[in-house]
Amino acid sequence: MPSKSAGPAIAKRMEKLRAQLREHDHRYYVLAEPTISDEEYDRLMRELVDLETTHPDLVTPDSPSHRVGGLPTKEFPTVAHAVPMLSLSNTYNEGEVRDFDRRVRMLLGKEPFRYVCELKFDGVAVSLLYRESVLARGATRGDGVRGDEITQNLKTIRSIPLRTFSKKKGMEDFEVRGEVLMEREDFRRMNEERDLAGEKMFINPRNSAAGTLKLQDPKIVASRPLKFFAYYIRSEMVELSSHYENLKLLRTLGFPVSEHARLCGSIGDVIEYWKEWEERREDLPYDIDGVVVKVDSLRQQDRLGAIAKSPRWAIAFKFAARQATTVLREVTLQVGRVGTVTPVAELEPVFIGGTTVSRATLHNEDYIKELDIRPGDTVVVEKGGDVIPKVSGVNLQRRTSGSAPFSMPNVCPECGSRIFRPEGEANYYCENGDCPAQVKGRIQHFAHRGAMDIEGLGEAVVDQLVNAGFVRTYTDLYELHKKREQLVSLERWGAKSVDNLLAAVEGSKQRPFSRVLFAMGIRHVGAGVAQLIVGRFHTIDELLTASQQEIEQIQGVGPRIAESIRRFLDDQHNRKNIERLRNAGLRLREEQKRVASGSPFLGKTLVLTGTLSSMSREDAKRKIEDLGGHVASSVSSNTDFVVVGEEPGSKYDKAKKLGVRTLDEKDFLSLLKKVS
Ligand code: IVH
């Protein structure tokens, strides 16, 4: 319907909804102080989306509905930065920072000045242009002069305002710069899911943020937990004079600004700040790699100017990386569930950032070749946050004579079969689908907490059962009860532990279809994708007869995933296994669908803390998951609810601090009741 006949009332209502949603996004994502429930928020959003569907001509570029991601782009256009995005020169010790201070004092003569100290976020720098208070263009730093235009991707980041609150006159057209990053916990969770789905894992939160911003499908970007911190604003209309004041201005415009910036009167205070954050960096939910020191007065910044690509008014004061040198004893190979063969560095144990590291990843053959890493070398090992340690360099001076370059063996260390590297891929694969490492990996994945959740079926037990010939595929688990007597006589087992295991296997038959589908270990099918598929194909038979095109049409499932599903289901061996699972009585149809659609937990993330009097934690978790929710282990701003039992832990404090909604046992039970 055209807007004329839609009438001004509808346009007005839409404007009101946009303003309300904008306000609530800001309260939730920037201030972490939400004032309405998720249900109310969803209701407002639904009303807006409905109106936008019937009145497409009334859709505005600042609509909060655009956060979910628009259409994919083929290539990002290159855009020029009006003012180059400079980089900072790095210093690593007090002496160099004092040199910097001396230079500044010398250049400013006798003028008094102040520094602003900030955290140096380990993320990706971006520029945001606002026109008439609306986000008009977002771009990467690129080479500092030109970057990629990634507006659609940046719009999906909830803490970036699509329209700012213009509280200062003239502050409608301006540029903001800042850092996009991913919190460690979000990164860890995302990587865990990728691992389970057999996808390539990211090396650290920064790579993961950078990789995400480069994606061509904004819908996938929208599903990734990116955050933003603003640290710079430039206006051609309004005269700005102090960087510290600018940070406050950014806050009033609605941008997330770190609360840890500090004005410092002397270089001594700057060094204090650096020391403080070197110690406290682990307390932050995201990685920082140092602090940034800036002269506060913009006039003085201008006077100091820049040399080459770095300003003379600012410097990065970095922390010593969490790395150490040690000797690489040998390179071994590790075989994963889908047959990926990864080289691993076996190291002389070395203490880094609080733990002893004796193994580290070497990524792949090309990485080893590129760095020319050889067994016997003295290597640099790096550890960042929760990330798997990696070998990041070699000390060539300490290379012993007679060392030889590493060459990839051509057989699998687990089964002796040939390993091969497909064209265009970095990884090697073991060609033997019956390779014990793969067999065990598949069963472990099947039994894993997030999949069939079979208690007592961890790595060691799987090893034992496979080695003793009791199971070869996960379908064999459901035949184990026939061999009860033989199992009881196994080493370290007894009647009680065998019965417990058999009961856990039996109990797993109640897991919903989406979990079974995930547990099957189809490449690229993680828990989330499995739920999407089950949402469209309610039974295994529907899925078995679906074409690749039909599968591809599910939102969030691309051709790569669809092809992988089709290939898996077309394999005769897999078909047989599916029939065996069916005969064993597993759920191969979605029965909870109707309940789940009215569920208060559908698509929500919950965290449990303290003891519940009416049920165990495991039961609570299962109930939430059966209602379409996800239970996470720690609280972040992505948490929707924290269920608080008796004697809650620090998660409760964190929830209060972040303004996450809490449910006591009574609230929780009454929500559960609502849908049962
Ligand atoms: S100011 C000339 N402030 O560090 C001003 N940068 O090497 C440069 N960064 O590309 C930007 N935290 O990605 C600034 N608080 C902060 C920062 C920060 C991280 C990054 C940014 C930039 C790089 C400079």
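Please list the equivalent ellipsoid semi-axes of segment 54-142, computed as the square roots of five times the alpha-carbon gyration tensor eigenvalues, in descending order and whole angstrom.
Equivalent-ellipsoid dimensions as semi-axes: 42, 16, 13 Å.
For the chain, what is Rg from Cα atoms divided by 2.2 N^0.38 Å, rounded to two decimals?
After normalising by residue count via 2.2 N^0.38 Å, the value is 1.07.
Taking all protein chains as present, what is the carbon and sulfur share of the accessible area of segment 307-360, in % to the nearest whole number, probe 1.4 Å?
Looking at segment 307-360 in its full context, I get 51 percent from C and S.
Add -39500 (n - 2.57) for each DSSP H run of 4 or more in the chain, then divide by its residues: what number comes out at 222 nm, to the nearest 500 deg cm²/dmol?
Calculated from helices alone, the mean residue ellipticity at 222 nm is -11000 deg cm²/dmol.
Which residues' amide hydrogens lie under 5 Å from the amide hydrogen of Gly178, considering only partners 5 or more residues apart or on another chain, with H built in the peptide plane?
Amide H neighbours of Gly178, under 5 Å, 5+ apart: Val126, Tyr231.
Take the alpha carbon atoms of segment 1-114, find their radius of gyration, then divide it by 2.2 N^0.38 Å using N residues; give the quotient.
Compared with the compact-globule rule of thumb, segment 1-114 sits at 1.83.
If you check each cysteine of the chain for another cysteine whose beta-carbon is under 4.7 Å away, which ones come up empty?
Cys117, Cys264
As an exercise, use a Förster radius of 51 Å and the Cβ-Cβ distance of Val83 and Arg43 to find the FRET efficiency, rounded to the nearest 0.05.
Computed FRET efficiency for Val83 and Arg43: 0.75.
State the extension gain, in nm to one decimal, for the chain segment bounded by Asn410 and Asp667, taking 0.36 nm per residue of separation less the distance between their alpha-carbons.
Gain on stretching Asn410 to Asp667: 86.6 nm.
Tell me the volume per residue, in Å³, of the convex hull enclosing the alpha carbons of segment 507-602.
Enclosed volume per residue, from the Cα hull, is 97 Å³.
How big, in percent, is the set of alpha carbon pairs in segment 321-404 lying more than 22 Å apart?
It works out to 21 percent of all Cα pairs.
P(r) for segment 238-355, please, calculated from all Cα pair distances in 10 Å bins and given in %.
Taking every Cα pair in segment 238-355, the percentages come to 10, 26, 26, 16, 14, 8, 0.
How large, in Å, is segment 168-258 by the Kirkwood hydrodynamic radius built from its alpha-carbon pairs?
The answer is 15.2 Å.
Restricting to the chain, compute how many DSSP beta bridges are antiparallel as a %, nearest 5.
Just about 85 percent of them are antiparallel.
Looking at segment 437-490, which trypsin sites (Lys or Arg not before Pro) are in a loop (DSSP not H, G, I, E or B) and have at most 12 other Cβ atoms within 10 Å?
Qualifying residues, ordered by number: Arg449.
Explain nothing, just compute: Karplus ³J(HN,Hα) = 6.51 cos²θ - 1.76 cosθ + 1.60, θ = phi - 60°, for every residue of segment 63-70 in order, whole Hz, x for Gly and Pro.
Once θ is set to phi - 60°, the couplings for segment 63-70 become 5, x, 6, 6, 5, 6, x, x Hz.
Test of understanding: express the Cα radius of gyration of segment 459-562 as a ratio to 2.2 N^0.38 Å, with N the residue count.
This ratio for segment 459-562 stands at 1.37.
How compact and how long is segment 469-628, expressed as Rg and Dmax of its alpha-carbon atoms in Å?
18.0, 51
Across the Cα atoms of segment 332-371, what radius of gyration and what greatest pairwise Cα-Cα distance (Dmax) are found, in Å?
Just the Cα atoms of segment 332-371 yield Rg and Dmax of 11.9, 33 Å.
Within a Cβ distance under 13 Å of Val79, other residues only, what is the Lys/Arg minus Asp/Glu net charge?
Net charge around Val79: -2.
Assuming 0.36 nm per residue, please report the length gained on full extension of the stretch Ser417 to Leu544 beyond their Cα-Cα distance.
Full extension of this stretch gives 42.6 nm more.
So what are the ³J(HN,Hα) numbers for segment 457-471, from phi and the Karplus equation (6.51, -1.76, 1.60; θ = phi - 60°), rounded to whole Hz, Gly and Pro as x?
For segment 457-471, the Karplus curve yields 10, x, 4, 5, 5, 4, 3, 5, 5, 6, 4, 7, x, 7, 9 Hz.
Of all the C-alpha pairs in segment 277-322, what % are more than 14 Å from each other?
Within segment 277-322, distances greater than 14 Å cover 58 percent of Cα pairs.
P(r) for segment 384-497, please, calculated from all Cα pair distances in 5 Å bins and given in %.
It works out to 2, 9, 14, 14, 14, 13, 11, 8, 7, 5, 2, 1, 0, in whole percents.
Quick one: which of Lys110/Lys275; Lys155/Lys214; Lys120/Lys169 span more than 19 angstrom between C-alpha atoms?
Lys110/Lys275; Lys120/Lys169
At a 1.4 Å probe radius, carbon and sulfur cover how many percent of the accessible area of segment 1-157?
It is 56 percent, rounded to a whole number.
Taking 0.36 nm per intervening residue step and subtracting the Cα-Cα distance, what contour gain separates Arg146 from Ala306 on full extension?
55.8 nm
The values are calculated or read from the model by the stated rules, or taken from the named source; none is laboratory data. All figures in this text were calculated on a predicted structure; none of them were measured in a lab. No Cβ is skipped: glycine too gets one built from the backbone with ideal geometry, and neighbour counts run over all protein chains shown. Ligands, DNA and RNA are excluded from the accessible area calculation, which covers all protein heavy atoms including side chains. Shrake-Rupley method; radii C 1.70, N 1.55, O 1.52, S 1.80 Å.
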